[in-house]
């Protein structure tokens, strides 16, 4: 098994693990963490395409690699925005949950 | 010689992986922090050994970055550990 | 000759990583574990770096190896201090 | 190369194991510690895939800065007094989630194993870009980022600015224009100040070095900028530096400098070299370094501002 195929399988496993965590963890920050796992798994699967596309005299295909680099930064920007929203939600409502059942009870939701 | 470098890297990764069991067991956050530090040092050592054996270019800069970031992460966790007192928003 | 030097230094480095990990797993409390960790950090990485220096292609590459170790030393020493204080204050 | 194969396999198992720990850890802090360790390990995997540029970015942004973002957020969340956490999901949901996750992972693994052996690739086009308009760039990644896919890279910087605006706008109305809350409230220990005082200048030098060599070797604006951002946050954590007020003109100029300069040079290319984001043949390399220098500034400022969060204070 070549290193790139192995890394691709790792990426697949990471997507699965992250997806499970995203659904089953009640804590919103933990959900965000799991979402980041999914993201890095996807990047890894995407990246092995870069390793396999050894064309044009490169040891790798620079196009997917460059896109992964921008992708990592964009993923971080999205995470930061999500964190700000979660904190604001908790400050406004006193609840640290995204569970819809918690919001149907009487109580101030948002402002 | 390359085989030896790789073998050394393998042993270090394996050793440090066993050390990560400390992360799993805890019992305190401090122990988890120590395991991450061990992983940082071991990871950098394994990275350097593998890079010198397989001749991936530019890895010395990656090692520099990792060394900085390992210190950065440790500092952030310590910041969390001892700043819980007097925190009110 | 330089191969022999690398061999000895890297073997010693691996040994310290091993010893540090054993200590981290087997020692009874956090302070003694901290003691074990600093050996792996400082000596383990240091000896591996020392063993790789003769194999560096350029003086700059060798310098970078030394800086990597120096960074590990600085951060290891100060985090050990901070961890120790956090432990003494009972915050863990 | 059986030793190398064993090393790869061990690394792969380790990455998956730490990821599993991150998902299953009992408290948030433990999960974040696991996530940072995971980021470091993933960087090693990327190095094995001959992608040192991605390795640096992943370790810096994916592991380090995201870890600090989550630790800080967890601390702030704990400080919100009456925070209650939702109930853990029932067994049914867990089984459903597990089945779904296994299905998706299995499908992806199948795709990975059955990829065509000679994949379609944009590498030749990128090679042309690296030797053409981005002439003289030894690092094909930088050539792709600044020359071949320049529009993507420019818009990606705009996304970063939009995210900063989004985070700021979440703050209370009365706090608008003020500075975000510091990353740490109490006075730090002497050892932490010392560490920051040593780390920040050395890190500054290393970040600039990685940016500078990026034209020809692994490195570049993203990687250097992310390291500089991390060092800025080191200084903030030791209270050597406070987050600036968000209505500071300098801050806002630094934020928009990267995309603005990129755009100006790109439009100039329309007039001088024939199409948008084309660089005149003889000036390509200095121009690219010029753009990258401003992008480094934007990234180094945007990331700590994103971690610092919305402006703080104002009337209750």
Hits in the range D:243-283 - residues which are in contact (Cβ under 8 Å) with a residue 60 or more places away in the chain and over 19 Å from residue D:158 (Cα atoms): D:243, D:244, D:245, D:273, D:278, D:279, D:281
Given (1) without any contact (Cβ under 8 Å) to a residue 12 or more places away in the chain; (2) within 7 Å of chain A (Cβ to nearest Cβ), number of the condition residue D:70 does not satisfy: (1)
Conditions (1) more than 9 Å from chain B (Cβ to nearest Cβ); (2) buried (at least 19 other Cβ atoms within 10 Å of the Cβ); (3) within 27 Å of residue D:201 (Cβ to Cβ); number of the one not met by residue C:16: (3)
Only listed residue being touching a helix residue (DSSP H, G or I) at 6+ places or on another chain (Cβ under 7 Å) and in a loop (DSSP other than H, G, I, E, B), chosen from D:208, D:204, D:195, D:183: D:183
Test: residue D:69 is in a helix (DSSP H, G or I), under 27 Å from residue D:222 (Cα atoms) and outside the structural domain of residue D:307 (by TED's automatic domain parsing): yes
Which numbered condition residue C:80 fails, given (1) more than 7 Å from chain B (Cβ to nearest Cβ); (2) more than 11 Å from the chain's Cα centre (by Cα); (3) surrounded by fewer than 16 Cβ atoms within 10 Å (Cβ to Cβ): (3)
Where a residue in the range D:1-28 is more than 15 Å from residue D:43 (Cα to Cα) and more than 9 Å from chain A (Cβ to nearest Cβ) and its partner, wherever it lies, is modelled with pLDDT under 85 and surrounded by fewer than 20 Cβ atoms within 10 Å (Cβ to Cβ), with Cβ under 8 Å and at least six apart: D:3/B:3; D:17/B:17; D:21/B:24
Residue satisfying condition, being assigned to a helix (DSSP H, G or I) and crowded, with 24+ Cβ neighbours inside 10 Å, within set B:39, B:14, B:6: B:39
Test: residue in the range D:148-166 that is free of Cβ contacts under 8 Å to residues at least 60 places away in the same chain, within 8 Å of another protein chain (Cβ to nearest Cβ), assigned to a loop (DSSP other than H, G, I, E, B) and over 30 Å from residue B:75 (Cα atoms): yes
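Let's see how each residue does on (1) more than 7 Å from chain D (Cβ to nearest Cβ); (2) in a helix (DSSP H, G or I); (3) surrounded by fewer than 24 Cβ atoms within 10 Å (Cβ to Cβ); (4) modelled with pLDDT of 80 or more:
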position	(1), (2), (3), (4)
A:7	no, yes, no, yes
A:10	no, yes, no, yes
A:20	no, yes, no, yes
A:23	no, yes, yes, yes
A:33	no, yes, no, yes
A:40	no, yes, no, yes
A:54	yes, no, yes, no
A:66	no, yes, no, yes
A:73	no, yes, no, yes
Checklist (1) surrounded by 20 or more Cβ atoms within 10 Å (Cβ to Cβ); (2) closer than 15 Å to residue A:35 by Cα applied to residue D:97, failing item: (1)
Residue within the range B:9-32 that is within 20 Å of residue D:61 (Cα to Cα), facing chain C (nearest Cβ under 9 Å) and without any contact (Cβ under 8 Å) to a residue 60 or more places away in the chain present: no
Index of the failed condition, residue D:195 passing every other in (1) buried (at least 24 other Cβ atoms within 10 Å of the Cβ); (2) within 21 Å of the chain's Cα centre (by Cα): (2)
Qualifying residue in the range D:81-91 (condition: part of a helix (DSSP H, G or I), outside the structural domain of residue D:301 (by TED's automatic domain parsing) and more than 22 Å from the chain's Cα centre (by Cα)): yes
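Could you please let me know if residue C:60 is more than 23 Å from residue B:30 (Cα to Cα) and either surrounded by fewer than 18 Cβ atoms within 10 Å (Cβ to Cβ) or touching a strand residue (DSSP E or B) at 6+ places or on another chain (Cβ under 8 Å) (or both)?
So residue C:60 fits the description; yes.
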Helices (runs of 4 or more DSSP H) contained in the range C:2-88 and holding at least 1 residues under 17 Å from residue B:63 (Cβ atoms): C:2-26, C:45-52, C:59-88
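The values are calculated or read from the model by the stated rules, or taken from the named source; none is laboratory data. Just so it is clear, the model here is predicted, and its values are computed rather than measured. Here the Cβ is made from the backbone with ideal geometry for all residues, glycine too, and neighbour counts use every protein chain on show.
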